[in-house]
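*Asks:* Got a structure for you, written out below as structure tokens; questions coming shortly.
The values are calculated or read from the model by the stated rules, or taken from the named source; none is laboratory data. The shown structure was predicted, so the numbers you read here are calculated from the model rather than taken from an experiment. For neighbour counting, all protein chains shown are included, and Cβ atoms are generated from backbone atoms with ideal geometry for every residue, glycine included.
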Amino acid sequence: MHYPIEHYQKRLSVLHSRDPRIKIILIVLTVISVVTTPFKGFSIYDFLPFIGFAFILLVLTGMSKIPVRFYMYRLLPIFGFTFLIAVFIPFFNDGKEKITLRILSYTLLLSRQGCILFLNAMLKAHLAGLALIILLVTTRFPDLIKGLEKLKVHSLFLLLLSFFYRYIFVLRNEALRLERARDTRYFGGRFFYQIGVYARMIGTLFLRAYERGERVYQAMIVRGYTGKPVLYNPLRLCSADWVLLSVIGFLILVIRIAGVYYRELFR
């Protein structure tokens, strides 16, 4: 077991037992709806569609029976990455309307349109990220691959995704061994003198990865590899899957449509 996420994938819950195809469709529909919903201002009506999406995702997290703190912990990298990219938008966006923000003895002059773009990026990134985390944490990787295959995703993409998931941990262990060997031989000095050492480590890691890939490919050929992924345990849809898809899908579409015409609805 490489990460705690694999521990949570084995739990028994309403969401875990659903067909992976249904979960994939719902999550993709949620992400597309969140990303394409316009965010135009600071009024409560502008936040209502996103509050609706957040409510749906909270319902799904409750159905998964996984602690909320686990999802919050997984959202921290998304927050840091999105914040570092979007934090400067309010300062550089050209707009006639300005917002004055006072922090202690400092006064900041922000663009109103830039602040809207900042909130737009933060809201959509976190909601879309939470949706993808729910899919990954409630679906075992083999089932996810099977679901994508049944949804007619290209076999080459599935093959690359399978190899990436299987061997990224092997590559990580190789890198850790190289780092341990470097530390035992004392590694110090300024960054300028470390460039050569890092370059040789990267070259060695590349050669080891290439050689391992050749050995894996030869082993696959010996075992009858034909270029297509072999998937067992056929998936079967049940009534509970269709109910979940109908209810959650209907709510997502209603919120998405309301997000476009909210000004006419609440006028």
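*Asks:* List every residue pair whose Cβ atoms lie under 6 Å apart, where the two residues are 6 or more positions apart in sequence or sit on different chains, the first residue falls within the range 41-55 and is without any contact (Cβ under 8 Å) to a residue 40 or more places away in the chain, and the second residue, located anywhere, is of a type in the set (A, V, I, L, M, F, W, C).
*Replies:* Taking only residues 6 or more apart or on different chains, not a single pair turns up.
*Asks:* Still on this model: For the range 149-176, which positions are farther than 24 Å from PRO77 by Cβ, in contact (Cβ under 8 Å) with a residue 12 or more places away in the chain and among the hydrophobic types (A, V, I, L, M, F, W, C)?
*Replies:* LEU151, LEU158, LEU159
*Asks:* If you don't mind, another one. Can you tell me which of VAL137, VAL153 is of a type in the set (A, V, I, L, M, F, W, C), part of a loop (DSSP other than H, G, I, E, B), under 30 Å from ARG21 (Cα atoms) and modelled with pLDDT of 80 or more?
*Replies:* VAL153
This table checks each residue for (1) farther than 30 Å from LEU171 by Cβ; (2) exposed (fewer than 12 other Cβ atoms within 10 Å of the Cβ); (3) modelled with pLDDT of 80 or more.
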site: PHE206; (1), (2), (3): no, yes, yes
site: ILE221; (1), (2), (3): no, yes, yes
site: LYS228; (1), (2), (3): no, yes, no
site: LEU253; (1), (2), (3): yes, no, yes
site: ILE257; (1), (2), (3): yes, no, yes
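*Asks:* Might you check whether a residue that is free of Cβ contacts under 8 Å to residues at least 24 places away in the same chain and hydrophobic (A, V, I, L, M, F, W, C) occurs anywhere in the range 123-145?
*Replies:* Checked the range 123-145: no residue is free of Cβ contacts under 8 Å to residues at least 24 places away in the same chain and hydrophobic (A, V, I, L, M, F, W, C).
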